[in-house]
Amino acid sequence: MKNKIGIVTGANSGIGKVTALALAKQGFTVVMMCRNRAKAEAAQKEIVRLSGNPQVEMIWVDFASQRQIREAAAQFLSMHDCLDVLVNNAGFLASDKRQLTEDGIEATFAVNHLGYFLLTGLLMPALEKAATQNGEARVVCVASEAHRYAPFNLDNVQLERGYSGIKAYCISKLCNILFTAELARRVAGKNITANSLHPGAVNSGFAQNTPGWFAWLFKIAKPFLMSEEEGAETSIYLATSPEVKGISGGYFYKKRLRRNMIPIAKDEKIAQQLWEMSEKLTNISY
Ligand SMILES: NC(=O)c1ccc[n+]([C@@H]2O[C@H](COP(=O)([O-])OP(=O)(O)OC[C@H]3O[C@@H](n4cnc5c(N)ncnc54)[C@H](OP(=O)(O)O)[C@@H]3O)[C@@H](O)[C@H]2O)c1
């Protein structure tokens, strides 16, 4: 497994940190893409210590900024020409006050969906190189069962009408599933796979600092939630297991392929339309 390269976004805490540690333990060169320097540097030290693997690199990026995503991808490509595994994991639950990013996009849609879309597109040359050189490349997208509650309407994905933080989150997680399925169709035959997953309800940093009823509920439920290690199992499985080599376009939970998503999550036409909209919003085509 030596010499393989993996990126984990949002790797300074929670599911992402455990995933980065697992990749490091398996001998990957791990690139953590994070925005919080203090947390990320502490996590990087811990991952190096626990894995015994010094090849743990850091790239700073706030996924709310398309400029920063472009800079992060360029920095990665200046250091590496191959990318074997990309784990799109960074995500958050916003507050009930609708906020726009510097690109003028609703923040949850921007970070949780367009962040995955833009980064993957920018890194496609490196994924393709790994697929040719090493026989495969994998894209893993952390989605959620929250997709079931998305009030989805392509004309209102940024919730200009009827915004709430939780609605925006559910829409973004449905977008993760639609994006991953469409990506899998577009890269079919190139030795690149793309799968999404639900990690479970995990006792991580998720929703810790978000005001509102959902975050409050999440805090109350903490003792009953899965550990971060359990929550990362499916991400690690999809990123590294030989069992899923060549399997693409799936949505997984507990390392099992799930087919019981809501109908819209399987709608190829909607996925294609979302893709085209995402291309326009990020100025990238792939
Ligand atoms: N926990 C659950 O029950 C659960 C359930 C279903 C799905 N998920 C999904 O699992 C993924 C990981 O979440 P988690 O549970 O591990 O929560 P977490 O501990 O809060 O980790 C989220 C990570 O994403 C990063 N992040 C958020 N916004 C970012 C931004 N704008 N730019 C860069 N990094 C950003 C965070 O960085 P900072 O430390 O800088 O904030 C953090 O490293 C998310 O996509 C979430 O939607 C979680």
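Here, each number is a calculation from the coordinates, and none is a lab measurement. Since this is a predicted model, take the numbers as computed values, not measurements. Note that we place each Cβ from the backbone using ideal geometry, even for glycine, and neighbour counts take in every protein chain shown.
Key figures
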read-out	value
Hits in the range 46-68 (condition: out of contact with any strand residue (DSSP E or B) (no Cβ under 9 Å at 6 or more places or on another chain), surrounded by 20 or more Cβ atoms within 10 Å (Cβ to Cβ) and in a helix (DSSP H, G or I))	Gln66
The range 197-222 residues that are without any contact (Cβ under 8 Å) to a residue 60 or more places away in the chain, paired with ones that are of a type in the set (S, T, N, Q) and crowded, with 17+ Cβ neighbours inside 10 Å (beta carbon under 7 Å, 6 or more apart)	Leu197/Thr234; Leu197/Ser235; Lys222/Asn203
Candidates Thr9, Thr101, Thr29, Thr19 - the one that is over 15 Å from Leu118 (Cβ atoms) and within 11 Å of the ligand (Cβ to nearest atom)	Thr19
Selection within the range 63-72 - within 11 Å of the ligand (Cβ to nearest atom) and either among the basic types (Lys, Arg) or touching a Gly at 6+ places or on another chain (Cβ under 9 Å) (or both)	Phe63, Ala64, Ile69
When residues of the range 1-45 are limited to those that are touching a residue at least 60 places away in the same chain (Cβ under 8 Å), among the aliphatic types (A, V, I, L, M) and assigned to a strand (DSSP E or B), the one surrounded by the most Cβ atoms within 10 Å (Cβ to Cβ)	Val8
Residues (within 13 Å of the ligand (Cβ to nearest atom), surrounded by fewer than 17 Cβ atoms within 10 Å (Cβ to Cβ) and among the hydroxyl-bearing types (Ser, Thr, Tyr)) located in the range 196-250	Ser227
Top-ranked residue of the range 73-98 - restricted to ones that are more than 10 Å from the ligand (Cβ to nearest atom), over 14 Å from Thr9 (Cα atoms) and hydrophobic (A, V, I, L, M, F, W, C), ranked as surrounded by the most Cβ atoms within 10 Å (Cβ to Cβ)	Cys82
Residue count, the range 248-268 (criterion: under 18 Å from the mean Cα position of the chain (by Cα) and in a loop (DSSP other than H, G, I, E, B))	5
